[in-house]
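Please read the structure below before turning to the comments.
The values are calculated or read from the model by the stated rules, or taken from the named source; none is laboratory data. These numbers come from a predicted model, not from an experiment. All Cβ positions, even for glycine, are placed from backbone atoms using ideal geometry, and neighbour counts span all protein chains on display.
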Amino acid sequence: MKSLTLSLWLLACISMVHAQLNARTDECRFGSPVESSTASQISANLPTGIWNGHNQCGQTVSLHFFEDGLVQWFTQSSGEEMSSRLFNWKCLPDHQADATLVLADWQSGEPLFFSVKADCNALALQGTDCRLQLQYTPPVSRAELQRTKQLLTGNWENTTYPFDFDPEDKTALQEAYLTYRFLPNGRFERKIGNRDRQVEEHGRWLLAKDGKHVVLSFDDGKATVAQLKYVRVDELVIHHLLSCQDETFNTVEKDFFFNRY
């Protein structure tokens, strides 16, 4: 009898915990349309996860907002490579909507304006030439993000010829190299060169909330997003466009292979 009572008590506890977990998962980040959200509420909740959905053209979109005011915007058409853009973001009060979302292009500063309607875990963004329907998705767990950060931190050396081959510039092949150094404090160093030219660049790196992309924002103002295709203790594969102040080393978007050194 005691054993049965204990079993029933444990079952009840498990059911309560399960119900609480479901409640947290289903918890609304915003009020219903009747209970309109404020700009400050929307600002506080945008960086808490990933916002996935589609635009008016049917393309898949994903927005990753960060607390420091940076946002990654990914777009993908069926059967095509995913493209990405970087913006600075801020949320302003709006008398005709829940808020106005301002996205300023990272490099040009050109702004995009969206009126925002929030409903529980969904956002409707209406711009002049663009309309987005987005749904909240939880980010990768902190433990998994921390693990990826730890793996990525360190010194990496490219293992193949990294640049786009120009048969007329044979000197570019000689002693060509590409290295990254990712520091634990969020800074990075990139060295590119060959026997005749050497370039050293510095900036800030930020792991995206999906744990699969890293934002590289350079001190000179440019920025790029690299896809982490493979990262282990001593091997790294990233997919990105290599853009450098010396055009000799610019490349198309492709895979780059690295070993830790």
In the stretch 121-167, residue modelled with the lowest pLDDT [restricted to those that are among the β-branched types (Val, Ile, Thr) and over 30 Å from Thr100 (Cβ atoms)]
Thr160
Criterion (polar (S, T, N, Q) and without any contact (Cβ under 8 Å) to a residue 40 or more places away in the chain) met by exactly one of Asn185, Asn158, Asn121
Asn185
Scanning the stretch 71-95 residue by residue, those among the hydrophobic types (A, V, I, L, M, F, W, C) and closer than 18 Å to Leu123 by Cβ turn out to be Val71, Trp73, Phe74, Phe87, Trp89, Cys91, Leu92
Please count how many residues of the stretch 228-256 are modelled with pLDDT of 90 or more and surrounded by 16 or more Cβ atoms within 10 Å (Cβ to Cβ).
6
List the number of the failed condition for Lys170; all other conditions in (1) farther than 21 Å from Lys254 by Cα; (2) at pLDDT 90 or above hold.
(2)
Regarding the stretch 83-100, can at least one residue be identified that is surrounded by fewer than 19 Cβ atoms within 10 Å (Cβ to Cβ), in contact (Cβ under 8 Å) with a residue 12 or more places away in the chain, hydrophobic (A, V, I, L, M, F, W, C) and within 27 Å of Lys212 (Cα to Cα)?
no
Can you name the residue in the stretch 49-102 that is assigned to a strand (DSSP E or B) and small (Gly, Ala, Ser) and, of all such residues, is nearest to Leu134 (Cα to Cα)?
Gly53
Could you check, for the stretch 134-148, whether at least one of its residues is more than 22 Å from the chain's Cα centre (by Cα) and either surrounded by fewer than 16 Cβ atoms within 10 Å (Cβ to Cβ) or assigned to a loop (DSSP other than H, G, I, E, B) (or both)?
no
Under 6 Å by Cβ, and 6 or more places apart or on different chains, what pairs join a residue from the stretch 206-228 that is over 24 Å from Asn45 (Cβ atoms) with one that is among the polar types (S, T, N, Q)?
Leu216/Thr224; Ala223/Ser217
How about the stretch 187-206: which of its residues are in contact with a Ser or Thr (Cβ under 6 Å, 6 or more places away or on another chain), surrounded by 17 or more Cβ atoms within 10 Å (Cβ to Cβ) and not basic (Lys, Arg)?
Gly203
